[in-house]
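The values are calculated or read from the model by the stated rules, or taken from the named source; none is laboratory data. No experiment lies behind these values; they were computed from the predicted model shown. Cβ coordinates were reconstructed from backbone atoms using ideal geometry, including for glycine residues, and neighbour counts include every protein chain displayed.
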Amino acid sequence: MRNGNGKCAENTKAASCDYCFPNKTEEIRVLETAIQMLNSAPMAKYYLGNLLYDKKQYDRAASLREGWNMTNWQKS
């Protein structure tokens with residue numbers, strides 16, 4: 001991980017999710033990286049699960065949903 005990437009990833013946790021809608025296959029890797037970098041990334045898991053479902057990767061989407069912890073979600 002490059003210096004600064006962790007801080008950038010941490011800043012995204014506090015960002016508003018009002019206009020976030022990942023819909024490109026390239027964004028799968030971005031979300032997977034965010035999940036790996038952050039210990040708790042419920043919104044990244046949510047977005048990735050929705051994106052995988054949209055791309056007809058139902059089993060991977062379902063496995064993410066099993067790990068969702070709704071009590072950690074923060075709304076802006």
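The table that follows gives values for the structure above.
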| item | result |
| --- | --- |
| In region 1-45, the residues that are at pLDDT below 75 and of a type in the set (D, E, K, R) | Arg2, Lys7, Glu10, Lys13 |
| Those residues of region 52-73 which are among the hydrophobic types (A, V, I, L, M, F, W, C), modelled with pLDDT of 90 or more and touching a helix residue (DSSP H, G or I) at 6+ places or on another chain (Cβ under 6 Å), in sequence order | Leu52, Ala61 |
